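Contents: one structure, followed by commentary.
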Amino acid sequence: MRPVRGQVLGAIASAGAVAILAGSGCAYASLAPASQLFGPTVVAGRDPAELALTFDDGPNDPWTSRLLDLLALHRVQATFFLIGKYVRQCPELVREIRGAGHLIGNHTVTHPWLAVESPSRVRQELADCNRALEDVLGEPVRFFRPPHGSRRPGVLQSARELGLTPVMWNAMGYDWRPDTTASRIAAHLERGIARSRRRGRGANLLLHDGGHLALGADRSQSIGATRIILERHRPAQTRYVTVDAWV
Ligand SMILES: [Zn+2]
């Protein structure tokens with residue numbers, strides 16, 4: 001699925017607006033994952049033994065199903081922030097994620113840079129993704145992660161008005177880089193875990209089982225990195241949690 005011209009131009013326009021924001025001094029609060037300046041967001045709890053695996057941009061088979069198998073093998077529950085347009089296309093897979101006991105959150109319908117969108121568009125992206133998830137799951141959605149980590153006070157306020165708690169992260173795998181490998185992704189995550197523990201915090205790991213540009217993105221390296229983390233951090237020493245443990 002190639003994006004049509006309008007989508008490409010929209011993405012370029014949004015990227016330009018983000019560049020302007022980045023030069024304005026708001027960039028830290030708008031994009032830094034742990035910044036609380038634009039309003040409270042959930043990052044992690046105060047128990048350094050806790051670790052949350054979070055996966056964005058799905059559902060996206062075959063990778064989501066392989067990930068579900070891997071998590072089941074280790075008896076670990078994770079958090080999935082799903083894109084509404086894929087939820088509409090793959091409702092069965094969404095029910096499988098939930099049926100396996102994982103937590104599901106809102107990641108908007110089309111994955112825009114929310115910090116540069118109008119208030120009405122922000123609200124529509126959040127409300128429509130909620131509706132897509134609630135139609136499929138038959139239960140309310142309580143958590144939201146802004147695409148690209150992009151936010152401003154109005155974004156967080158809209159989320160809260162819809163009953164959504166915004167969630168960020170404090171350990172990143174950089175698994176969107178095109179030539180990365182499972183071991184490199186795992187090494188980035190390990191640095192984030194170590195940094196969080198030094199600060200006396202749990203670790204909230206950001207990974208992807210999908211890609212926001214189209215269904216079918218290859219996430220083999222992200223799944224491989226998840227396997228490495230699960231084998232190194234056995235449940236005996238690590239308490240795997242979903243992000244609702246931190247509110
Ligand atoms: Zn995303």
note = For the chain, the accessible surface attributable to carbon and sulfur atoms (probe 1.4 angstrom, ligands and nucleic acids excluded) amounts in percent to 54 percent
key: P(r) tail fraction, region 31-129 - alpha-carbon pairs more than 21 Å apart, %   = 43 percent
task = Against the globular-protein guess of 2.2 N^0.38 Å, express the Cα radius of gyration of region 75-115 as a ratio, rounded to two decimals.
result = 1.24
message = Could you tell me how far the Cα centroid of region 207-247 sits from the Cα centroid of region 60-119, in Å?
response = 12 Å
request  = Place the peptides 126-133, 195-202, 77-84 in order of packing, highest mean first, counting for every residue the other Cβ atoms within 10 Å and averaging per peptide.
outcome  = 77-84, 126-133, 195-202
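With +1 on each Lys and Arg Cβ and -1 on each Asp and Glu Cβ, how big is the dipole of the chain about its Cα centre, in debye rounded to the nearest 20?
For this selection, approximately 700 debye.
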ask   = With charges only on Cβ, +1 for K and R and -1 for D and E, what is the dipole size of region 131-247 about its Cα centre, in debye, rounded to 20?
value = 740 debye
task = Name the long-range amide H neighbours of Asn204: under 5 Å, sequence gap of 5 or more, or other chain; modelled H, no Pro or chain starts.
result = Ala52, Asn170, Ala171
request  = Using the 2.2 N^0.38 Å rule of thumb for compact globular proteins, work out how region 203-247 stacks up: its C-alpha Rg over that value, please.
outcome  = 1.40
remark   = Shape call for the chain, from the Cα gyration tensor axes a ≥ b ≥ c (a/c under 1.5 means rounded, otherwise prolate when a/b beats b/c, else oblate), comes out rounded
inquiry  = Leaving out ligands and nucleic acids, and using a 1.4 Å probe, what accessible area per residue does region 122-223 come to in Å²?
reply    = 42 Å²
ask   = Along the charge dipole of the chain, which of Val141, Thr110, Val241 sits closest to the positive end, that is, farthest toward it, with unit charges on the beta carbon of Lys, Arg, Asp and Glu (+1, +1, -1, -1)?
value = Val241
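The values are calculated or read from the model by the stated rules, or taken from the named source; none is laboratory data. Everything quoted here is computed from the prediction, not taken from an experiment. Using ideal geometry, Cβ is built from the backbone for each residue, glycine included, and neighbour counts are taken over all protein chains shown. Remember, those area values only see protein heavy atoms, side chains included, never the ligands or the DNA or RNA. Shrake-Rupley method; radii C 1.70, N 1.55, O 1.52, S 1.80 Å.
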